[in-house]
């Protein structure tokens, strides 16, 4: 096995890989959170439209 290669990051792998993992986790959380908030906003808009239509009748 090659020692000190790319995956070892020149001895800084124990700092680099957790940082990359944390960044990926934050990005995934951002995507999940945005989709969840978007879905909730759509529900609110649909309810508001239904209420407006029922008031017109």
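The numbers here are math on the coordinates, done by the rules we state, and not lab data. None of the values given here were measured: they were computed from a predicted structure.
The shape of the chain can be summarised by an equivalent ellipsoid whose semi-axes, obtained from the alpha carbon gyration tensor, come to 52, 7, 4 Å from longest to shortest.
In the chain, helical runs assigned H by DSSP with n ≥ 4 each contribute -39500 (n - 2.57); averaged across all residues and rounded to the nearest 500, the mean residue ellipticity at 222 nm is -28500 deg cm²/dmol.
Computed from Cα atoms, the angle from the helix 13-56 axis to the main principal axis of the chain rounds to 0 degrees.
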